[in-house]
Amino acid sequence: MSLTADGLLLLLDAILVLTALEALVLTLHHNRTGAGVAPMDVLPNLASGLCLMLALRSALAGWAWPFTLGGLAASGLLHAWDLRRRWRRP
């Protein structure tokens, strides 16, 4: 079984929506109960992944290159910010 270009874009769109829903559910759960992962511990990572998927989607859909570059740049900046926040010094 192979995916067509349109099928791949549809699959990627579904993954983007599910990832955004995951962020929403995790945030709502933590805000309501205080349990689970704190939003600031997971949202930068999820946002980085979303930007990477948006960059992939823009490239596959044939959008202008600045969209792909913007997604990649945003993903890299969010990833660097997340690593800097988490880095533990001895």
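So is ARG57 surrounded by 13 or more Cβ atoms within 10 Å (Cβ to Cβ), among the basic types (Lys, Arg) and in contact with a helix residue (DSSP H, G or I) (Cβ under 9 Å, 6 or more places away or on another chain) or not? Explain how you work it out, then say what you get.
On the way: surrounded by 13 or more Cβ atoms within 10 Å (Cβ to Cβ): yes; among the basic types (Lys, Arg): yes; in contact with a helix residue (DSSP H, G or I) (Cβ under 9 Å, 6 or more places away or on another chain): yes.
Against the criterion (surrounded by 13 or more Cβ atoms within 10 Å (Cβ to Cβ), among the basic types (Lys, Arg) and in contact with a helix residue (DSSP H, G or I) (Cβ under 9 Å, 6 or more places away or on another chain)), ARG57 qualifies.
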Just checking, how many residues over the range 58-90 are under 23 Å from VAL42 (Cβ atoms), among the hydrophobic types (A, V, I, L, M, F, W, C) and more than 16 Å from the chain's Cα centre (by Cα)? 1
Quick one: is VAL17 surrounded by fewer than 12 Cβ atoms within 10 Å (Cβ to Cβ), assigned to a helix (DSSP H, G or I) and among the β-branched types (Val, Ile, Thr)? yes
Consider ARG85 against the criteria (1) without any contact (Cβ under 8 Å) to a residue 24 or more places away in the chain; (2) exposed (fewer than 11 other Cβ atoms within 10 Å of the Cβ); (3) over 26 Å from LEU10 (Cα atoms): it satisfies all of them except one. Which criterion is unmet? (1)
Restricting attention to the range 1-29, the residues that are at pLDDT 95 or above and either β-branched (Val, Ile, Thr) or in contact with a Ser or Thr (Cβ under 7 Å, 6 or more places away or on another chain) (or both) number exactly 5
Hey, any hits in the range 46-60 for a residue that's at pLDDT below 95 and not hydrophobic (A, V, I, L, M, F, W, C)? no
TRP63 passes all but one of (1) in a helix (DSSP H, G or I); (2) at pLDDT 95 or above; (3) in contact with a helix residue (DSSP H, G or I) (Cβ under 9 Å, 6 or more places away or on another chain); (4) not hydroxyl-bearing (Ser, Thr, Tyr); which number fails? (1)
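Table: residues versus (1) free of Cβ contacts under 8 Å to residues at least 12 places away in the same chain; (2) within 10 Å of the chain's Cα centre (by Cα).
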{"site": "GLY7", "(1), (2)": "yes, no"}
{"site": "ASP13", "(1), (2)": "no, no"}
{"site": "LEU24", "(1), (2)": "yes, no"}
{"site": "HIS30", "(1), (2)": "yes, no"}
{"site": "THR33", "(1), (2)": "yes, no"}
{"site": "GLY36", "(1), (2)": "yes, no"}
{"site": "LEU43", "(1), (2)": "no, yes"}
{"site": "LEU54", "(1), (2)": "no, yes"}
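The values are calculated or read from the model by the stated rules, or taken from the named source; none is laboratory data. Predicted model, so just to flag it, every value in this text is computed and none were measured. Cβ coordinates were reconstructed from backbone atoms using ideal geometry, including for glycine residues, and neighbour counts include every protein chain displayed.
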